[in-house]
1. Under a crude label model (7 Å from the Cα following the beta-carbon direction), how far is residue 95 from residue 201 in nanometres?
2. Assuming a ≥ b ≥ c are the square roots of the Cα gyration tensor eigenvalues, decide whether region 252-360 counts as rounded (a/c under 1.5), prolate (otherwise, with a/b larger than b/c) or oblate.
3. Treating the beta-carbon of each Lys and Arg as +1 and of each Asp and Glu as -1, no other charges, what is the dipole magnitude of region 195-359 about its Cα centre, to the nearest 20 debye?
4. Can you give the percent of C-alpha pairs in region 327-381 whose distance is more than 18 Å?
5. Residue 327: net charge of surrounding residues, Cβ under 15 Å, Lys/Arg +1, Asp/Glu -1, itself excluded?
6. Using the Cα gyration tensor of region 193-276, with a ≥ b ≥ c the square roots of its eigenvalues, what is the shape: rounded (a/c below 1.5), prolate (a/b larger than b/c) or oblate (neither)?
7. Can you give me the C-alpha center-to-center distance between region 185-226 and region 236-266, rounded to a whole angstrom?
8. Relative to the Cα centre, what is the charge dipole magnitude of region 207-296, using +1 at the beta carbon of each Lys and Arg, -1 at the beta carbon of each Asp and Glu, and rounding to the nearest 20 debye?
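Readers should treat all values here as calculations from the given coordinates under stated rules, not as data from a laboratory. Everything numeric here is computed off the predicted structure, so don't read it as measured data. Please note: Cβ atoms are built from the backbone with ideal geometry, for glycine as well, and neighbour counts cover all protein chains shown.
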Amino acid sequence: MNKISIQSDVAAEDPLKELRVLAISDAAPSRNGAGAYYLDLLEHMKGKVKEARLFSPTINENGKWQAGLVLPLPGDKTQKLCFPNIFRLNRIFKDMQPDIVVIATPGIYGITGAWLARRHKVPYLTGMHTSFEQLTELYWPDSIQGKIVEHYFKFSNGFLFKHTEAVLGNAEPILEQAEHMGAPCIRLIGTPVSSEFILPEHSPFPGTINSCLFAGRLAKEKNIEALLEAVARFPEIKFSIAGDGPLRNDVEEAAEKFSNLDYMGWLSRGDLRQTVDAHDALLLPSHFETFGTIALEAMAREKLVFVSKGCGITHWQSLLPGLVIIEVGLADSIQAQLEKSVEERQAIAREANRVAVKWNNDVMYRWSHIIRETIAGYGESSG
């Protein structure tokens, strides 16, 4: 089978060569969307800036979380509540002397990073990647616990927004929320595609729907029930679920019940890319996703990608030609695609690859522009 190699058609810009960029996040790299976002972003920045560094919790080979302080997160054994080592982070500021800081997440990591950025007189940008209002409504509707969580993140975001140069988001609804919460300036910014997904050669989409993959956190907001309904409805299709989370037991039980369902557990980035390549379609029926990075990654691999209207990726008009939007239910959407011709499905997948590659180039250009603009504006205002 022929292989397709991707080459960027946009020349890389060079004005960031002398800049040092520090990103601060409480998300371990590759464990969720925010963690993957900044890992991918800084990877693309290497060679274009003098230094790009991520300060975040890490997970060692034995699965142990490492941070200043690590506490269990009630209700989810796969996640941890982490507190940064403020002395180590302060040393990084002194040694690295960043020109700009990107606060990737709210909470203690974000507040600490913003405080140190102010102390060292470095401008910072705030990324908003999760609607905590939607999370609390889904998990703790009309409860005291939900109110506590909601107020905590409102306080945290309020602190970050007070001195940030801009709040960045990858979907308009979440930026509207940030503006409502007092963000001084909002900027729409996209999600980069990991080099792991965009650079290696890939096989053309054959046009079949013999295998479907879901990859992500196994949690209520991902609409796992819709996945399992599709598994039951299409016994002739092989379904795979990759990931971990509080609903893992439900998925494992379903895998024992249905012979066409394989639960793969959590996968490394490299293993995930190979798994995407081994399937025909990617399914993301989430109730809500700030963006839906895995969908974009599957598009780059020329797959048939199903996404719900709750995914932020559907708010980007340039990506819509390469997506199958779930209009009613996941199972019905799969059936509708099965009724189309092989050529029609192949056309969607080819378009998915094309728009994903162009998208990645555009996102990195946008980031370069915002970083230059922010540093220049900060220098003028403080000078």
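1. 4.1 nm
2. rounded
3. Here the size comes out at about 400 debye.
4. In whole percent, the long-distance tail amounts to 62.
5. Every neighbour counted, the sum reads 0.
6. oblate
7. 17 Å
8. Computed about the Cα centre, the dipole is about 180 debye.
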